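Working notes, structure below.
We did not get these values from a lab; they are worked out from the coordinates using the rules stated. In this text, all values refer to a predicted model and were calculated from it rather than measured experimentally. No Cβ is skipped: glycine too gets one built from the backbone with ideal geometry, and neighbour counts run over all protein chains shown.
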Amino acid sequence: MMKGTEAIGEGAVQAGCRCYFGYPITPQNEIPEYMSRRMEEVGGVFLQGESEIASINMVLGAAAAGMRAMTSSSSPGISLKQEGLSFLASLELPAVVVNINRGGPGLGNIAPSQGDYYQATRGGGHGDYRMPVYAPATVQELYDITMEAFDVADLYRTPVMILGDGMMGQIVEPVVMHERKKIDLPPKDYILDGAQGRPSRIIKSLILDVKLMEEHNWKLKRKYDLMRKDLPRHDEFMTEDAKMVIVAYGTAARIAKGAVKRVRSEGLQVGLLRPVTLWPFPEDALRNLSKRVKLILVFEMSTGQMIDDVKLAVGGRIPCEFYGRPGGVVASPQEIARIIERHWLQREIS
Amino acid sequence: MKKVFSRPQSLKQTPFHYCPGCGHSIIHRLVTELIDEMDLRGKAICVPPAGCAVLAYNYFDIDVCESAHGRGCAIATGIKRALPDRFVFTYQGDGDMAAIGTAETIHAANRGERITSIFVNNAVYGMTGGQMAPTTMIGQKTTTSPFGRRSVVEGYPLKITELVAQLDGAAYVVRTSLATPAKVIATKKALRKAFEVQLEGLGYSLVEVLSPCPTNWKVSPVEALRYLEERMEKEYPPGVLKDVTKAAQKKEG
């Protein structure tokens, strides 16, 4: 049995993360607390930075030095890290960043929320960049995806975000610990460890020549296209015969799953599609689904952000309804079941 | 015939982009001379600032990692913690070090990070065109303090080097000037000491170098050196502000 935050920490350690830098913020303090003990045990580096900004830049330095490095925070802290994320993206340095999303905007509260979807998937920092974003929904998945995130970061030389919320962080579930299968990763021929017996290296993002800057942007774009092809992942539940499908991720998907089971017992043919990657978004899966179901209901713990991506994927083929509970309110499966039933009847789906 | 003067190996063959009379080229030379003399090229990693010296990698033939404005000490911390046996230094201007990066500077110093900061103080934001810096002096005119810096409006010049010298993690804190050839040589001596302090693992070392910016001071290079000596050195007196090696020697003695 493991707590979500601990699963993130242990997954990182097992993935070979040996540098953690972070700043305290609720509801994710168990991650730095866990890492402060574990890094000492495995001979790694744990350092509590003086700020969120300093912490992400320490991650940047450690990544430039060739280490697997991570930081974690929650919404207001992630806002402060955006400068660093933009730099990591342009410098093409690997790093893993965890956002345990809380209610907002502003200080908001410390309750589970999904209000940071836009910030996470649209590139909250400046410039033309993208970043893979994973939204785990079980403690096992938190463990597995954290391990995987380090490989993805190294494979594409990119920052990777794991987007959870207070609920995912606090939940306690069984976890099967395992080693991740080794994948072929490109050699780290860019790292700065002193120009000993080799030419000196530069890690920089300042490109004053607009033609060269454009080239750099297209180079990044080609990398993002590869990610769009290889990384999208989703999970489907009871969609085979479904006439209506709920789209939800993370904690909202857990609630929606309960609601689907409930309405299924009443004979409603309803399924669930859960995006595991929020960027790249599992567009193909949604497009395919939209060819055989009559209605999509997007459920988010926000006023509606992911629904934009759902609509883009569906392309107006079928109606997309929305139900949201922002501000840290956690809906019950019964509540979602009632919403499903209402839409089912209104649209006379049966 | 014996060769008595040559370009340091760690200094690339690139002509400097710096303005005539700028202090950066002198400091670049001193740093690269020391990297050669102390045989640090194979283990040195530099973190330059956002500012005029952002292009330091065009000149330093060592590993260089760019930094967002002010984040140099945090990035250097990450590098040094990852690779404790390397030689890591930041090269920063006054805006980088004492305005947008104040927190990063103070806390890296206070943690006693085994890094060295070379702090080039010319009392203006040079690269952006001569705006007021945290170190701009009372009465000094800049493009954003056109009436001269007034304490009641813009506050006082920030003496971050004095602040850092108060911190327990700081091992060697010194201020030097480029006003005369003798002072340039003294600057090199201070840099050498700061590098040694890092290599011996004694803590954070900081060398503030008072440096001329004729372009933004709107004076000739020669007048700039006079201004440096007569005006800046009065506001920012050169000298050793902290030296733990001396205290250690006294104890032993």
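So what's the back-of-envelope 222 nm ellipticity for chain B, counting only DSSP H runs of four-plus at -39500 (n - 2.57) apiece and dividing by all residues, rounded to 500?
-9500 deg cm²/dmol
Would you mind ranking B:Arg150, A:Arg274, A:Arg254, A:Arg287 so that the residue whose beta carbon has the fewest other beta carbons within 10 Å leads the list?
Going from sparsest to densest Cβ surroundings: B:Arg150, A:Arg287, A:Arg254, A:Arg274.
Starting from the Cα coordinates of chain A, work out the convex hull volume and express it per residue in Å³.
141
What is the distance in Å between the Cα centroid of the stretch A:224-293 and that of the stretch B:186-252?
About 63 Å separates the Cα centre of the stretch A:224-293 from the one of the stretch B:186-252.
List the relative contact order of chain A as a percent without decimals, with contacts defined as Cα pairs under 8 Å and 6+ residues apart.
Relative contact order, chain A: 17 percent.
Quick one: P(r) of the stretch B:128-241 from all Cα-Cα pairs, 5 Å bins, percents rounded to integers, in order of increasing distance.
Per 5 Å bin, starting at 0, the Cα pair percentages come out as 2, 11, 19, 20, 18, 14, 10, 5, 1, 0.
Quick one: Cα centre-to-centre distance for the stretch A:13-74 and the stretch A:83-100, in angstrom?
If you average the Cα positions of each part, the centres end up 13 Å apart.
Go through A:Val270, A:Asn217, A:Pro333 and say which Cα lies farthest out towards the positive end of the charge dipole of chain A; charges sit on Cβ, +1 for Lys and Arg, -1 for Asp and Glu.
So the residue furthest toward the plus end is A:Val270.
What are the radius of gyration and Dmax of the stretch A:234-346, computed over its Cα atoms and given in Å?
Rg and Dmax of the stretch A:234-346, Cα atoms, are 12.5, 35 Å.
Could you give the dipole magnitude of chain B about its Cα centre, charging the beta-carbon of Lys and Arg +1 and that of Asp and Glu -1, in debye to the nearest 20?
Its charge dipole is roughly 340 debye.
When a footprinting reagent is the concern and you count Cβ atoms within 10 Å, what order do A:Phe87, A:Phe21 take, fewest first?
A:Phe87, A:Phe21
If you take the charge dipole of chain B about its Cα centre, with +1 on Lys and Arg Cβ and -1 on Asp and Glu Cβ, which of B:Thr143, B:Met132, B:His28 is farthest toward its positive end?
Among B:Thr143, B:Met132, B:His28, the one farthest towards the positive end of the dipole of chain B is B:His28.
Within a 10 angstrom radius of the beta carbon, how do A:Val42, B:Val4 rank from fewest other beta carbons to most?
Values: A:Val42 11, B:Val4 5.
By the 10 Å Cβ count, ascending, the order reads B:Val4, A:Val42.
Got a sec to turn the phi values of the stretch A:312-327 into Karplus ³J(HN,Hα) couplings, 6.51 cos²θ - 1.76 cosθ + 1.60 with θ = phi - 60°, whole Hz, x for Gly and Pro?
Per-residue couplings from phi come out as 4, 6, 6, x, x, 5, 9, x, 10, 8, 9, 9, x, 10, x, x Hz.
What number does the protein assembly as shown give for Rg over Rh if you use C-alpha atoms and the Kirkwood radius?
Working: Rg = 27.6 Å, Rh = 26.1 Å.
Taking Rg over the Kirkwood Rh, I get 1.06.
So how strong a dipole does the protein assembly as shown carry about its Cα centre when Lys and Arg Cβ are +1 and Asp and Glu Cβ are -1, to the nearest 20 debye? Don't skip to the end; give the middle numbers.
Numbers: 73 positive and 67 negative charges, 174 e Å.
Rounded to the nearest 20 debye, it is 840 debye.
Which listed residue (A:Leu185, A:Ile207, A:Gly108) has the Cα farthest towards the positive end of the charge dipole for the stretch A:2-230, taking +1 on Lys and Arg C-beta and -1 on Asp and Glu C-beta about the Cα centre?
Value: A:Ile207.
Working from the alpha-carbon coordinates of the stretch A:162-201, get Rg over Rh, Rh being the Kirkwood radius.
My calculation puts Rg/Rh at 1.28.
Based on Cβ point charges of +1 for Lys and Arg and -1 for Asp and Glu, what charge dipole magnitude is obtained for the stretch A:80-137 about its Cα centre, in debye rounded to the nearest 20?
The dipole of the stretch A:80-137 has a size of about 160 debye.
Expressed as cubic angstrom per residue, what is the convex hull volume of the alpha carbon set of chain B? Write out the running numbers ahead of the final one.
Working: hull volume 34.8 nm³, N = 253.
Cα-based convex hull of chain B, divided per residue, equals 137 Å³.
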